[in-house]
Amino acid sequence: CTAAGVQQGLTMVVDGQGGAMVGWQDGRGGAGDIYAQRVDGTGVAQWTADGVALSAAAGLQETPAAVADGTGGMIVGWADARGADRDVYAQRVSGAGVVQWTMDGVGVCAAAGEQRAPVLCGDGANGALVGWQDGRPGALGQDVYAQRVSGAGVVQWVANGVGVCTAAADQVGPAIAADPLGGAVVAWSDARTVANGADIYVQHLSLAGGVLWTANGV
């Protein structure tokens, strides 16, 4: 991509055919949109010049994260300020560069407060599990939530996500990895123990959105 504006915040997955798909935050339209491109194993771009728009909604779309969809395409999630505050949205794009879900993305979480720093892993069924840092507690701190989105772009768990950790103080900077059964393990930096500054906690989620380990993490 050599379009006008600033392109930044890269995320990338392999395409299973020796190439890769890249997503990014794109400033060609103003505040920031989400675009993607596929490059084959010889370094040749396969989609529309300068990339396919995954979301060109009003407001700022930022911090994209991607996971392969298992069929040669990918799912990208991002923080989205098209509303009153940042929410989490996601979009699926095929290996041919065709957007698969609702124009400008599917709403993963639209709860009050700022939802930031989305992370994704596959669910083993062409969908994705999405985790994020969640500001719905307001002055009480940041939490970590997660949601599953099917391959058809339909959220599978409770509206606005499952609370992975809702302990006191700040839980920030989530990371996520798929388990072999379609669930995921989520990790984060946790400031609940003031004397330690910040610790690392983890939680295991089932494919159905159940919390499998100690409440608020191990």
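The values are calculated or read from the model by the stated rules, or taken from the named source; none is laboratory data. Note that the structure is a prediction, hence the values are computed from the model and not measured. FYI the Cβ positions are ideal-geometry reconstructions off the backbone, even for glycines, and counts take in every protein chain you see. All accessible areas refer to the heavy atoms of the entire protein, side chains included, with ligands and DNA or RNA removed. Shrake-Rupley method; radii C 1.70, N 1.55, O 1.52, S 1.80 Å.
Give a residue-ordered list of calculated ³J(HN,Hα) values for segment 52-67 (Karplus: 6.51 cos²θ - 1.76 cosθ + 1.60, θ = phi - 60°; whole Hz; x for Gly, Pro).
Coupling constants for segment 52-67: 9, 6, 8, 8, 10, 5, 4, x, 8, 10, 8, 6, x, 9, 10, 8 Hz.
Quick one: if you take sqrt(5λ) for each eigenvalue of the C-alpha gyration tensor of segment 1-102, what semi-axes come out, biggest first, whole angstrom?
Computed over segment 1-102, the values are 22, 15, 10 Å.
Can you tell me, using C-alpha contacts under 8 Å and at least 6 residues apart, the relative contact order of the chain as a whole percent?
It rounds to 12 percent for the chain.
If I compute solvent accessible area with a 1.4 Å probe over the protein chains, what percent of it on the chain is carbon and sulfur?
The nonpolar share, carbon plus sulfur, comes to 57 percent.
Based on the Cβ-Cβ distance of ALA110 and LEU140, what FRET efficiency does E = 1/(1 + (r/R0)^6) give at R0 = 25 Å, to the nearest 0.05?
E(calc), rounded to 0.05, equals 0.80.
Rg(Cα) of the chain divided by 2.2 N^0.38 Å?
In units of the globular-protein estimate, the chain measures up at 1.00.
What accessible area per residue, rounded to a whole number of Å², is obtained for the chain using a probe radius of 1.4 Å?
Heavy-atom accessible area per residue stands at 41 Å².
Give me the three principal axis extents of segment 85-214 from the C-alpha atoms, as integers in angstrom, largest value leading.
Largest first, segment 85-214 extends 51, 34, 23 Å along its Cα principal axes.
Residue by residue through segment 97-106, which ³J(HN,Hα) values in whole Hz follow from phi under the Karplus form 6.51 cos²θ - 1.76 cosθ + 1.60 (θ = phi - 60°), with glycine and proline marked x?
For segment 97-106, the Karplus curve yields x, 9, 5, 9, 10, 3, 3, 6, x, 9 Hz.
Testing the spin-label approximation: label points 7 Å from Cα along Cα→Cβ at THR193 and THR166. State their distance in nm.
2.4 nm
Can you report the principal axis dimensions of segment 25-84 using only the alpha carbons, biggest first, rounded to whole angstrom?
Rounded to whole Å, the extents work out to 42, 24, 13 Å.
What distance in nm separates the two pseudo spin-label positions at ASP50 and SER206, each 7 Å out from Cα along the beta-carbon direction?
Here the answer is 4.9 nm between the modelled labels.
Hey, for a label at ALA3 modelled as a point 7 Å past Cα toward Cβ, could you say which residues of segment 41-63 have their backbone N under 11 Å away?
Under cut-off, by backbone N: 48-57.
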